[in-house]
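Asker: The structure is given below, and queries will be raised subsequently.
The values are calculated or read from the model by the stated rules, or taken from the named source; none is laboratory data. Remember, it's a predicted structure, so these values are computed and weren't measured experimentally. When we count neighbours, we look across all protein chains shown, and the Cβ atoms used for this are built from the backbone with ideal geometry, even at glycine. Side chains included, ligands, DNA and RNA excluded: accessible areas come from the protein's heavy atoms. Shrake-Rupley method; radii C 1.70, N 1.55, O 1.52, S 1.80 Å.
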Amino acid sequence: GFPFERFVAEIFRARGYQAEHGVMLKGRCVEHEVDLVATKDGVRTIAELKFHNEAGYKTDVKVALYIHARFEDLKKASSDHASDIPLLITNTKFTQNAIDYGNCVGLSLIGWTYPHTGNLQDLIQETHMYPVTVLTSLSNQEKKMLIEADAGLCSAVAKDSDVLGRVGISKDTAERAFEESRALCGL
């Protein structure tokens with residue numbers, strides 16, 4: 001989850017937002033840790049992020065319900081939150097009930113293929129913010145080492161090839177990963 005928060009924050013920064021992850025905000029009833037607060041042109045988006053590894057998993061209406069409740073608590077706490085845009089972002093698909101509920105209550109949704117344009121897949125391609133997990137030249141363990149070293153984006157590898165050696169990746173593998181990262185990032 002936490003690497004996903006950092007990853008999505010970088011996507012928003014690449015799109016011109018000021019973005020912070022893991023922000024504590026006071027609601028009317030309780031304090032909430034919000035996964036992402038992104039601001040652009042005076043408009044603030046408050047997003048909850050849900051990451052799932054399970055193939056075929058769909059984010060359902062229960063998730064949309066509880067996230068909407070959190071945003072309502074924040075709105076009731078202060079007029080500062082009245083114009084915030086609530087957003088649910090996931091790396092999975094949504095169930096139709098989650099989509100219907102989000103549309104009904106004004107909860108914006110971004111999933112792997114939802115909405116038709118501006119979905120997570122589109123945002124990644126638009127910003128060239130590919131996670132190192134897409135690199136075919138690295139093993140899962142090597143990808144994990146990069147993520148733990150706060151170099152979880154191909155752009156980080158493409159800009160600083162030394163990071164590969166610093167985490168213990170062999171020279172030959174590092175060269176392949178560096179070139180693959182540069183190609184993905186359009187460098």
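Asker: How many residues does region 40-73 contain that are part of a strand (DSSP E or B) and exposed (fewer than 15 other Cβ atoms within 10 Å of the Cβ)?
Answerer: So the answer is 2.
Asker: Follow-up. Kindly indicate whether any position in region 100-110 is part of a helix (DSSP H, G or I), closer than 26 Å to T39 by Cα and touching a Ser or Thr at 6+ places or on another chain (Cβ under 9 Å).
Answerer: Within region 100-110, one or more residues are part of a helix (DSSP H, G or I), closer than 26 Å to T39 by Cα and touching a Ser or Thr at 6+ places or on another chain (Cβ under 9 Å).
Asker: Run down L164, L187, L153 and say which single residue is at negative phi and within 22 Å of the chain's Cα centre (by Cα).
Answerer: Sole residue among the options that is at negative phi and within 22 Å of the chain's Cα centre (by Cα): L153.
Asker: Also: Anything in region 1-39 that is in a helix (DSSP H, G or I) and either open to solvent by 50 Å² or more (accessible area, probe 1.4 Å) or in contact with a Phe, Trp or Tyr (Cβ under 6 Å, 6 or more places away or on another chain) (or both)? List them, or say none.
Answerer: F2, P3, F4, R6, E10, R13, A14
Asker: Output yes when any residue across region 61-71 is within 22 Å of G111 (Cβ to Cβ) and among the charged types (D, E, K, R), and no when none is.
Answerer: Checking region 61-71: at least one residue is within 22 Å of G111 (Cβ to Cβ) and among the charged types (D, E, K, R).
Asker: Further question: Might you check whether a residue that is part of a loop (DSSP other than H, G, I, E, B), of a type in the set (A, V, I, L, M, F, W, C) and closer than 22 Å to F4 by Cα occurs anywhere in region 77-97?
Answerer: For region 77-97, residues part of a loop (DSSP other than H, G, I, E, B), of a type in the set (A, V, I, L, M, F, W, C) and closer than 22 Å to F4 by Cα: absent.
Asker: Within the bounds of region 145-155, is there any residue that is within 15 Å of F178 (Cα to Cα), assigned to a loop (DSSP other than H, G, I, E, B), open to solvent by less than 70 Å² (accessible area, probe 1.4 Å) and among the hydrophobic types (A, V, I, L, M, F, W, C)?
Answerer: For region 145-155, residues within 15 Å of F178 (Cα to Cα), assigned to a loop (DSSP other than H, G, I, E, B), open to solvent by less than 70 Å² (accessible area, probe 1.4 Å) and among the hydrophobic types (A, V, I, L, M, F, W, C): present.
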